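Reading through the structure tokens given below for one structure.
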Amino acid sequence: MIVKRLVVGPLQENTYIVGDEVTKRAMIIDPGDEPDRILDEIKVNGLEVSAIIFTHAHFDHIGAAGDLKKETGAKILMHKNDKETFSLAKDQAAFWGFELDDIPMPDEFIDEGDKVKVGNLSFKVMHTPGHSKGGICLLGEGIVLTGDTIFQGSVGRTDFPGGSIEELKSSFKRLIELPEDLQILSGHGPETTVGRERKENFFVGEL
Ligand SMILES: [Zn+2]
Ligand SMILES: [Zn+2]
């Protein structure tokens, strides 16, 4: 499996490219900014993108999706409960002093239990609200892509519209109950593991 992490944009967001080495099919998770860099990485690795997935629709996770869809023709997928977050993204960016390109509406909605196939790779969708209503994680192939639900040592904010500390607690609990050697790839910051977060994440003490 090919996994590439690119730190993009002013909020240092992690864009992931996850590809199947055999079929060269790939998905892009959270293309927040810097579409040219993301496209270069795809070309260098000879990948064909079949899906662009938003773990959630905050502006720092979606900003490059328009350009990438244009270049790759890939479908955009997200959870339906983030429709409102998606519609607010431009204003949210402006509030932070950034300008967001027009992002095409997602093509399909994905929900708890759905499977996302990328060549021979398969990922299960977990609906993990708390940081936003339609937050999802993608679980499979020894990794879990978590967006802003969990970070190394911490968790996502719950004070944005659609955030909920109670929902974040139950989503967090589901994540740290996964197998301990599973690798966590978050929306910001370095990678970690479930076992490490079970021991070291401050939020364990808040449950
Ligand atoms: Zn976020
Ligand atoms: Zn973020």
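A few comments on the model shown:
- Residue 190 meets the conditions (1) more than 16 Å from ligand 2 (Cβ to nearest atom); (2) within 26 Å of residue 25 (Cα to Cα); (3) not small (Gly, Ala, Ser) in every case but one. The failed one is (1).
- Taking every residue in the stretch 154-166 that is within 10 Å of residue 130 (Cβ to Cβ) and pairing it with any residue that is of a type in the set (A, V, I, L, M), at least 6 positions away or on another chain, the pairs with Cβ-Cβ distances below 8 Å are 155/168; 156/150; 156/168; 158/165; 158/168.
- Only one of the numbered conditions (1) within 14 Å of ligand 2 (Cβ to nearest atom); (2) free of Cβ contacts under 8 Å to residues at least 40 places away in the same chain; (3) among the β-branched types (Val, Ile, Thr) is violated by residue 85, and that is (2).
- Among the residues of the stretch 143-183, the ones that are closer than 19 Å to residue 28 by Cβ and either more than 16 Å from ligand 1 (Cβ to nearest atom) or over 16 Å from the mean Cα position of the chain (by Cα) (or both) come to 3 in all.
- Single unsatisfied condition, residue 100 versus (1) among the hydrophobic types (A, V, I, L, M, F, W, C); (2) touching a helix residue (DSSP H, G or I) at 6+ places or on another chain (Cβ under 7 Å); (3) farther than 25 Å from residue 51 by Cβ: (3)
- Among the residues of the stretch 24-78, those identified as more than 22 Å from residue 88 (Cβ to Cβ) and basic (Lys, Arg) are 24, 25, 37, 43, 70, 75.
- Per the conditions (1) away from ligand 2 (no atom under 15 Å from the Cβ); (2) open to solvent by less than 20 Å² (accessible area, probe 1.4 Å); (3) under 20 Å from residue 5 (Cβ atoms); (4) touching a Gly at 6+ places or on another chain (Cβ under 9 Å), the sole criterion not satisfied by residue 125 is (3).
- Looking across the stretch 152-194, just one residue is touching a strand residue (DSSP E or B) at 6+ places or on another chain (Cβ under 7 Å), under 14 Å from residue 127 (Cα atoms) and open to solvent by 40 Å² or more (accessible area, probe 1.4 Å), and that is 174.
- Count - residues of the stretch 1-60 that are part of a loop (DSSP other than H, G, I, E, B), away from ligand 2 (no atom under 16 Å from the Cβ) and either without any contact (Cβ under 8 Å) to a residue 40 or more places away in the chain or farther than 18 Å from residue 74 by Cα (or both): 4
- Residue count for the stretch 195-207, restricted to those that are open to solvent by 40 Å² or more (accessible area, probe 1.4 Å) and either touching an Asp or Glu at 6+ places or on another chain (Cβ under 6 Å) or touching a residue at least 12 places away in the same chain (Cβ under 8 Å) (or both): 7
The values are calculated or read from the model by the stated rules, or taken from the named source; none is laboratory data. The structure displayed is predicted, hence computed values, not measured ones. We place every Cβ from the backbone using ideal geometry, glycine too, and count neighbours over all the protein chains shown. For the accessible areas, the whole protein counts, side chains as well, though only heavy atoms, and no ligand, DNA or RNA atoms are used. Shrake-Rupley method; radii C 1.70, N 1.55, O 1.52, S 1.80 Å.
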